[in-house]
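So the structure is just underneath, and the comments pick up after that.
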Protein chains: 2
Amino acid sequence: MGRKGISEAVIKRLPKYYRQIKMLDDANIERVSSSTLAEILGITASQVRQDFYNFGGFGQQGYGYDVKNLRKEIAAILGLDQEYNMIIVGAGHIGKALAGYKGFVKEGFRIKALFDINVQEKTYNGVPVYPMYNLEDYLKENQIDFAVIATQADSAEDVARELIKNGIKSIWNFAPIDLRVPKDVVVENISMSESLFVLSYRSKNRT
Amino acid sequence: MGRKGISEAVIKRLPKYYRQIKMLDDANIERVSSSTLAEILGITASQVRQDFYNFGGFGQQGYGYDVKNLRKEIAAILGLDQEYNMIIVGAGHIGKALAGYKGFVKEGFRIKALFDINVQEKTYNGVPVYPMYNLEDYLKENQIDFAVIATQADSAEDVARELIKNGIKSIWNFAPIDLRVPKDVVVENISMSESLFVLSYRSKNRT
């Protein structure tokens, strides 16, 4: 626990390495060089080696890296060597899309329940949907690792408070708002509209 | 067209400024200082002024910024002072969630059609759903500015090629793959699983 001094840029590259290495492994490729990884990721080979050095290096660079081992090591670093229970608060379009997405289960993220103020159906894609007033009891009775906030911006802060009060320490936030949380709570934001606006900016300022 | 030398970090902050300034404006707040904006965004006041300086400064800092004017200026920089027609390729969970999301229309992004190999319903949330083999004709007959790729990774590259061949120059990519595109095509990626893995990493390496 508690790797320190790893830069944001390296942390953000880890899932990209993982994705590429998984694809290589699934294609039965056994070894990969830092220069091949570098080319795929659009960085330099020395950057790849430097990134890996943060985590002990992953074996000899002269022979390239053992793909299976690399996959296992990076999965473990990302915490993908275990399973997690998730709940989603907000059963709107995004909440439902996440509940329906099969890719998360494959990586060990199990979506256990959806919560919403306004319950319109009892289950969605096999995931039970509960009213918000059940959230506290549910969190007391179930071991939940991650909570997804997929509500409107104006209720996200209240939802976060309630989740944290009931022991949630990791939040994946889809609401377009920066949540204020205690230091021991981890929040990862994903903002659709910010991404769309960057696209719009780049389209306008095409070079 | 063609602002040059604006850093990636500044571009990524623009939507955050826009979001905050819109909230201030909607709350009828007329002026805002760089230090208030800085606090909200978690950066320094001098960084805010430096960011704005890239675009001409937006008025005197001693008196703070005029919120309405700032909103208008940043909207224009982001290209949000006009309307766009979008299509979505891939009518799975994510494609449908995007088609159902009302927030985009408010900012001028109109979702005109969904495309999928396997058309299960003729419309979704009022958006027509067409089979993939209609894509080429559709793009010839309609003025489409942005295309969203919400397919599986393994078909995203083919979809991108088809879109580009038919004149699309701006792609919002939700497929977990880095698309290879000609230089004049703009791609903005949004990767759910990368974001989730970063959350998982941070949860494991909590400090």
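Looking at B:Asn166, B:Asn173 in this structure, which one is under 27 Å from A:Leu24 (Cα atoms) and surrounded by 15 or more Cβ atoms within 10 Å (Cβ to Cβ)? The conditions single out B:Asn173. Only residues that are modelled with pLDDT of 90 or more and acidic (Asp, Glu) were counted in the range B:175-191, giving 2.
Scanning the range A:137-154 for residues that are crowded, with 17+ Cβ neighbours inside 10 Å and of a type in the set (Gly, Ala, Ser), we see that the one that is farthest from A:Gln82 (Cα to Cα) is A:Ala150. The sole residue among A:Asp137, A:Asp184, A:Asp158 that is more than 23 Å from A:Arg110 (Cβ to Cβ), in the same structural domain as A:Arg110 (by TED's automatic domain parsing) and free of Cβ contacts under 8 Å to residues at least 12 places away in the same chain is A:Asp158. Scan the range A:46-57 and tell me whether some residue there is modelled with pLDDT of 95 or more and away from every other protein chain (no Cβ under 14 Å). No, there is no match, as no residue in the range A:46-57 is modelled with pLDDT of 95 or more and away from every other protein chain (no Cβ under 14 Å).
The values are calculated or read from the model by the stated rules, or taken from the named source; none is laboratory data. All values derive from a computational prediction rather than experimental measurement. Every residue, glycine among them, receives a Cβ derived from its backbone with ideal geometry; neighbour counts consider all protein chains shown.
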